[in-house]
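Here is the structure we will look at.
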There are 2 protein chains.
Amino acid sequence: MKRDRAAVIGLGLIGGSVALALKAQGWHVTGRDADPDREQQALADGVVDAVGDDASAEITFVATPVRAVAAEARRALELGRGLVTDVGSVKASVVDAVGDARFLGGHPMAGSEQEGLDGADAQMFEGAVWVLTPTPATPDVAFARLAGVVSSFGAEVVALPPERHDALVAVVSHVPHLTAATMMRLADERSEEHAALLRLAAGGFRDMTRIASGHPAIWPDICAENRTAIVEALDGLIGGLAEMRDVVAKGDRGALLAALQRARAARANLPGRVARPADLVEVRIPVPDRPGVLAEITTLAAELGVNTADIEIAHSAEGDRGVVIMLVEARKGELFRGGLMARGFRPSVQRLT
Amino acid sequence: MKRDRAAVIGLGLIGGSVALALKAQGWHVTGRDADPDREQQALADGVVDAVGDDASAEITFVATPVRAVAAEARRALELGRGLVTDVGSVKASVVDAVGDARFLGGHPMAGSEQEGLDGADAQMFEGAVWVLTPTPATPDVAFARLAGVVSSFGAEVVALPPERHDALVAVVSHVPHLTAATMMRLADERSEEHAALLRLAAGGFRDMTRIASGHPAIWPDICAENRTAIVEALDGLIGGLAEMRDVVAKGDRGALLAALQRARAARANLPGRVARPADLVEVRIPVPDRPGVLAEITTLAAELGVNTADIEIAHSAEGDRGVVIMLVEARKGELFRGGLMARGFRPSVQRLT
């Protein structure tokens, strides 16, 4: 039996985890890394089946540092005819720099406090969100194939335009990281005058500054590639804190309570893990055979906050039309149907029994 | 055998935990709460031995919301002749308002995401820092007794002047809380335009906003009582974030990396749990019989970052002098000795075998 073939470029924490998750799904995985020792370790530990390049890889995952992604992706595109994706935390600049419809940006929202190949784990993506950033040029079959593979890792696919992804991760990832670091640094400065300070740091402070213990080396690239969105989100936070400062200075109890209550409610509503199969409905959407239609549909799902558990395309016998079949959370079925109809689709929604 | 008697006013999460910790150490505990149902529950669950007041309580812990502490403390001081302490997170205004040497402010740096009596736990304070805020008027025997009781709960005593405590918790507790709430609120505002936003919130964002899920009702009091220190610490954070913003906007990679590296090193140095007995030395400090000398010594220990595992006072036969005996972490023994000598004490340091 012939195994599906994939390649992974960059065998760190995420690349190693992707390789292990692929192997767990039966793929043949060829890996490459800038560090030959790490390549040999990956081979010895069974993280990859082979070391080097694989011109016949159906999918190549580029898991290098952000600054190297575009060059490695172009190299992989020249080497073979497969689909190429990446796992970096900034997307618009990379998608632009690669400039090829066979490149589909990706970003698994997962990680751990461990670093490097030793922390790699086939289960790392279970229940995590994996963003894909298709453009109108992305072939539907490419998107559907990659979405299926990522779903097989246990991840939930969220499709977003590259620029939108970058603006959103600035708010929920990049700025929180910079804030944790700033808070830690300020506490540290104070601790020079008073050694007791850091002993007073209870669980809340430890939780808030945990991400500041991550490796700093990746951040100059991220901040350079996503500068505009990060500066805008930082300005928003600075403005929000200045409002909070004024509320405290004025002793405005009502405004303070309202702000904290809203934050508490929002925290309680932070979406959890992927919905269980019992809560899913099947949405069937007949689609014309034109490029980008799948990207349009899945991006609409993300914009409406509709979680997608599975995506598949069935082509009709005539070949000029197909049906997109999506499993989405039941309570959002009608919302999604409304959005699709507004865009000119004619979907049907069916409850799974 | 006569049991030591204590009282606990306010039977919520912390008050209930104090009652359970006292009972585990063999104390007879009388509890009172504004809610009669909760009093009965505490009695039925064995959290307290009796409900009501106890004029013969040797120590009374006031564990009510911050705004009620001063009145309850004065009431307890009038009722009996014992020592009175509290567990609130702001100290200077309360110590001033009570204005009695038998009142010694306290603040255990512990808690949980649970609320109320149901979350109470005798082990809550194990390994936690418990701040005591003696003033020059605090009797040494009162301080030593309370420090001993708190140590018996497994907590580490840190002595700080009330104002210093308030400035430090603004940095490590109050401002982090307000920041988590602000960050959560901003993300929530963005999520109104884009429902996918909160699905992208990975572990780091969840960690950072966890404290925003706490009960908002306590914060208007805390912000009112500790307004000056909170506003100052918020201004510091706003300034730090503005610097960070400029570094990102200018693309200054070196400055960004340096800031993140410093934050990472500081995070790695966050003090952990109490040192093990093997790492302790015994410091003996002959002291004159004057009020406030124990407060001076323990506050000096906190200022020097010296962890204290135990404190005891031995009085000499002549009665006008005594010896303070402290167990402190071995690696800080010489530092502490130097500080004590600079203040005119003549300590001896001995390694425990």
Among A:137, A:71, A:144, A:97, which is more than 14 Å from chain B (Cβ to nearest Cβ), without any contact (Cβ under 8 Å) to a residue 12 or more places away in the chain, surrounded by fewer than 23 Cβ atoms within 10 Å (Cβ to Cβ) and out of contact with any His (no Cβ under 7 Å at 6 or more places or on another chain)? A:71
Restricting to helices (runs of 4 or more DSSP H) lying wholly in the range B:213-302: which have 3 or more residues that are in contact (Cβ under 8 Å) with a residue 40 or more places away in the chain? B:219-225, B:227-250
Residues in the range A:125-159 that are in a loop (DSSP other than H, G, I, E, B), within 20 Å of residue B:205 (Cβ to Cβ) and touching a strand residue (DSSP E or B) at 6+ places or on another chain (Cβ under 8 Å) total 4
For the range B:194-226, what are the residues that are buried (at least 19 other Cβ atoms within 10 Å of the Cβ), within 7 Å of chain A (Cβ to nearest Cβ) and more than 30 Å from residue A:164 (Cα to Cα)? B:216, B:219, B:220, B:223
Quick count over the range A:227-237, residues being more than 7 Å from every other protein chain (Cβ to nearest Cβ) and under 16 Å from residue A:107 (Cβ atoms), is 1
Note on residue A:8: of the conditions (1) in a loop (DSSP other than H, G, I, E, B); (2) surrounded by 18 or more Cβ atoms within 10 Å (Cβ to Cβ), unmet is (1)
Answer residue from the range B:11-41, given it is under 22 Å from residue B:67 (Cβ atoms) and aliphatic (A, V, I, L, M) and is surrounded by the fewest Cβ atoms within 10 Å (Cβ to Cβ) among those: B:34
Selection count where residues are within 11 Å of another protein chain (Cβ to nearest Cβ) and closer than 18 Å to residue B:295 by Cβ, scope the range B:124-134: 3
Of all residues in the range A:46-68 being in a strand (DSSP E or B) and in contact (Cβ under 8 Å) with a residue 40 or more places away in the chain, the one that is nearest to residue A:93 (Cα to Cα): A:62
On the given criteria, is residue B:225 at pLDDT 90 or above and not polar (S, T, N, Q)? yes
Here the residues within the range A:157-172 that are at the interface with chain B (Cβ under 10 Å from one of its Cβ atoms) and surrounded by fewer than 24 Cβ atoms within 10 Å (Cβ to Cβ) are A:164, A:167
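The values are calculated or read from the model by the stated rules, or taken from the named source; none is laboratory data. Computed from a predicted structure; not experimentally measured. Neighbour counts run over all protein chains shown; Cβ positions are idealised from the backbone, glycine included.
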